[in-house]
Amino acid sequence: MCIRDRCHTQPISASQQFQVFKVPLLPDDETGHREAGRHLGRHLGPQIRRFVRHDACMHWIREYAATHDGSTYVAALQAHTRSNYPLAWAELQGIAEGSRTDLELIWLINAQQELVAMAELHEEERGEREGCSDVLLAAPEGGLIGHNEDGSHALRDHPGAVVSLQFGTNPRFTGFCYPGGLPGWGPTWNTRGIGYTINFLYLKPDKRGLPVGVISSVLSRTFAECEDLDQLLDAAMSPDAVYGQNLNAGSSQDPKVLLTAECATGGQCSVVRLTAPTEGVNAVYHTNVYRRLEIDELGYEMLSSEARECRFKEALGAGLPCGLVQLEAWLRGMLGDTMDHDWPVYRGGQEHQGLDTAATLITVITVSYTHLRAHETPEHLVCRLLLEKKKKNYTQNNQTIIPSKSITYYSSISTYTIQ
C-alpha cells in the first residue's frame, strides 16, 4: 500500500498550492511531541496570530473564558488533558512556543467547540456556525469519502496546512491542520490505510453545563494513529468525551466497508456501516445535526444543514455514475454545489453563515492504496465542472449511468431504498 504525500489544493482566493509539510520522525514521548508542536507552530505562526485577532468566535470565547464560570471550566478541562493526554498537551505547548502565541489562546482554539456551547448556555445565541459536509460512497471497486472542510471567515486565504507526522514506530499520518489546532482534528489518513473525516455536532448542555473530560480536538488527535477501524471506532466512542461529533471513516484493509458514527457524551454512539453492493453504489451523507441519536441540540435552526441535506438527497435520487473515477468526479461536483444561494453546499461569501469552505477533500480507498485528493477555489472548481460537463455530454452514450432504482442510500434523516 502506498499513500500519496502531495495534495493538489488551493486555499480560497489564493494561487499557491498546498504541499505537505512533513515533520521529521520524532520519538514517541513528551519531548518528541512538544518538538512536533514547535514545528507546526513555526510553520503556521502567522496564520495562528491572524486567526486569534480576526475570528469573531474567538473574541466571545475569550470573553466567556474570562468569566468566573468560564475560567473554572477551562482550568478543569486543561487539568484533565494534562493528566490523561500528556502527549497531546505537549503538542499544544509546542504549538504555542513555535508560534510565539500564549498557550491559553492555543488552548481556546482547540476547545472552541465546547466553549461555544457553554457560552451559549450562559448568554444569548451568537448565530449559526454549522461546519463541514460529508458524502460516503461504497462501490465494488472501493470507497470514497468526500468532505468539505468549512472554516471561519477569518481563515480566508490562510486556512491552515496539510501536515505529515510520525512518532516512533506509530503509523505516519497526514492530514489537514487548522492554525493552532492539533493535527488529526480534520481530514486525515495514515500508513495503516485508515482515512477519516469529522463533522461538528452541536448538543445542548444541560443545566449543569458540559462534563469535564476530553475535548473534541484532543480526542480526534487519538484517531490519527489508529491501526484499524475497530480501534478508531473505540476511540470515537470514548465515555470521557465532553462533546459530540460525527466520524466518517474507511480503510484499505477492507475498502468495501465505510462507516459513519454519530457520537455524543457518555460514550453514546450510533454507527452505520456502509457495505459495497455487488452492483451499484451505497451512499450516506451527513451534515451538522444528529439524525440517529436522540440528542437535545443547541436551540437555533440548522438552516444550512437542512439545505445541504436537501441537495444531497436530490442528487443521490437522480442516480450515480459507474466506476471510481466517475464517482469521484460526481462527488467533487456535489461538494462544489452552489445552487442554493443562501445556504450552498460549497460556501464562500455568505456572510450570515460565518464560514467558508476552506478545502474540498476526497479520500479514495482501494485494496492497494489510500490517498486524499483536494480541490480548491470556487473559480477553479467551476472551471473544472464546466469541462467535465462538456465531456460528459459528449460521451453520454458511452458512459454507464446507474439508474436510481439500483441505489440504496442512507440519508442523515433515515434509510432509503429507491425503487
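In region 283-310, what residues are open to solvent by 20 Å² or more (accessible area, probe 1.4 Å) and either at pLDDT 90 or above or not hydroxyl-bearing (Ser, Thr, Tyr) (or both)?
Answer for region 283-310, where residues must be open to solvent by 20 Å² or more (accessible area, probe 1.4 Å) and either at pLDDT 90 or above or not hydroxyl-bearing (Ser, Thr, Tyr) (or both): Arg291, Arg292, Leu293, Glu294, Ile295, Asp296, Glu297, Gly299, Glu301, Leu303, Glu306, Cys310.
Taking region 51-69 as the region of interest, how many residues are part of a helix (DSSP H, G or I) and open to solvent by less than 70 Å² (accessible area, probe 1.4 Å)?
Selection size over region 51-69: 9.
Looking at this structure, is Val271 over 22 Å from Met118 (Cα atoms) and touching a residue at least 40 places away in the same chain (Cβ under 8 Å)?
no
Looking at this structure, is Ala276 farther than 29 Å from Ala111 by Cβ and at pLDDT below 90?
In short, no.
Mind counting the residues in region 225-251 that are surrounded by 22 or more Cβ atoms within 10 Å (Cβ to Cβ) and of a type outside the set (A, V, I, L, M)?
Qualifying residue count, region 225-251: 9.
Which of the residues spanning region 119-140 are modelled with pLDDT of 90 or more and among the acidic types (Asp, Glu)?
Residue satisfying the conditions is Asp134 alone.
I'd like the residue in region 95-121 that is small (Gly, Ala, Ser) and in a helix (DSSP H, G or I) and, out of all such residues, is surrounded by the most Cβ atoms within 10 Å (Cβ to Cβ).
Among those residues, the one meeting the criterion is Ser99.
List the number of the failed condition for Ser217; all other conditions in (1) polar (S, T, N, Q); (2) crowded, with 19+ Cβ neighbours inside 10 Å; (3) more than 17 Å from the chain's Cα centre (by Cα) hold.
Answer for Ser217: the failing condition is (3).
The values are calculated or read from the model by the stated rules, or taken from the named source; none is laboratory data. Please read these numbers as outputs of a predicted model, since none were measured by experiment. Note: ideal-geometry Cβ built from the backbone for every residue, glycine included; neighbour counts use all protein chains shown. Side chains are part of the model used for accessible areas, which takes the heavy atoms of the whole protein and leaves out ligands, DNA and RNA. Shrake-Rupley method; radii C 1.70, N 1.55, O 1.52, S 1.80 Å.
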